[in-house]
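See structure below.
The values are calculated or read from the model by the stated rules, or taken from the named source; none is laboratory data. Bear in mind that the values here come from a model prediction, so they are computed numbers and not experimental data. We place every Cβ from the backbone using ideal geometry, glycine too, and count neighbours over all the protein chains shown.
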Amino acid sequence: MIVEQIMKTDVVTLYPTDTIADAVRVMEKNNIRHVPIINKEKNLVGLVTISRLKEATSSTFRTNENPDDLKKPLETIMERNVITGHPLDFVEEAAAVFYEHKISAIPIIQDRKLVGIVTETDLLRTMIELTGAHQPGSQIEIRVPNITGVLSDIAGIIRNRNANILSVLIYPDKQDDQYKILVIRVQLMNPTGLIQDLRKAGHEVLWPNLPGISL
């Protein structure tokens, strides 16, 4: 999946000469926490976040207090060294950027123009959809040797149970790098029979550890 598929394209923007009060108003009106700052050519020149506003004034959302602070232009408080992305970036790469830089939004640029924005909320929603966590089903964790054909074997066992696979995640076994942990979400509300089949085939099911099911 690429960023273009999850980014918001109806981006609320402001200009460097707009004021802190303008930013407060559009954030409240649109229920957002990030406002890209552009110039007349729609080139990104900065980013204002709700945390920046809070740093700029101790009472940002009380427009009858500190009026001088609220009249300051956004160019005095905006973040200028903005980390950006491209519509054709992979979502996984964007997530890694969020994690590495501890940021909550990435403006998306194409041909030097602002074309969208991705927030941590967009990423979280996308990850939930990719893992199938929002759909009814069961999650099964299996410890498998890091060899060819294991996933195919497990998929065959699931197929024999006429169960749909909603998602598959793989991560290393921290105790032994010769093994992997498969996290499979299947469209079964009662996975007991499937777990029994997996264990009979010699697979080590870590979760759920149901009592009374053994080889």
Q | Tally of residues being surrounded by fewer than 20 Cβ atoms within 10 Å (Cβ to Cβ) and either touching a strand residue (DSSP E or B) at 6+ places or on another chain (Cβ under 7 Å) or at pLDDT 95 or above (or both) across the stretch 15-24 | A | 6
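Conditions tested, residue by residue: (1) under 22 Å from Pro36 (Cα atoms); (2) of a type in the set (Lys, Arg).
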site: Ile83; (1), (2): yes, no
site: Thr119; (1), (2): yes, no
site: Arg125; (1), (2): yes, yes
site: Ile140; (1), (2): no, no
site: Asn164; (1), (2): no, no
site: Ser167; (1), (2): no, no
site: Lys180; (1), (2): no, yes
Q: Quick one: Ala56 ticks every box in (1) at pLDDT below 95; (2) under 16 Å from Thr119 (Cα atoms) except a single one, so which number is it?
A: (2)
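Would you confirm, using the coordinates I've provided, whether Lys200 is modelled with pLDDT of 90 or more and over 27 Å from Met127 (Cβ atoms)?
Yes; evaluated as a whole, the condition is true for this residue.
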Q: Please work out which one of (1) without any contact (Cβ under 8 Å) to a residue 60 or more places away in the chain; (2) out of contact with any strand residue (DSSP E or B) (no Cβ under 7 Å at 6 or more places or on another chain); (3) crowded, with 16+ Cβ neighbours inside 10 Å is the condition Gly156 fails and give its number.
A: (3)
**Q.** Failed item in (1) farther than 30 Å from Met127 by Cα; (2) surrounded by fewer than 16 Cβ atoms within 10 Å (Cβ to Cβ); (3) of a type in the set (A, V, I, L, M, F, W, C), with Ile77 passing the rest
**A.** (2)
Q: Look at the stretch 1-34 and say how many of its residues are touching a Ser or Thr at 6+ places or on another chain (Cβ under 8 Å), part of a loop (DSSP other than H, G, I, E, B) and β-branched (Val, Ile, Thr).
A: 1
Q. Of Ile142, Ile109, Ile165, Ile117, which residue is closer than 15 Å to Leu188 by Cβ and either loosely packed, with under 12 Cβ neighbours inside 10 Å or at pLDDT 95 or above (or both)?
A. Ile142
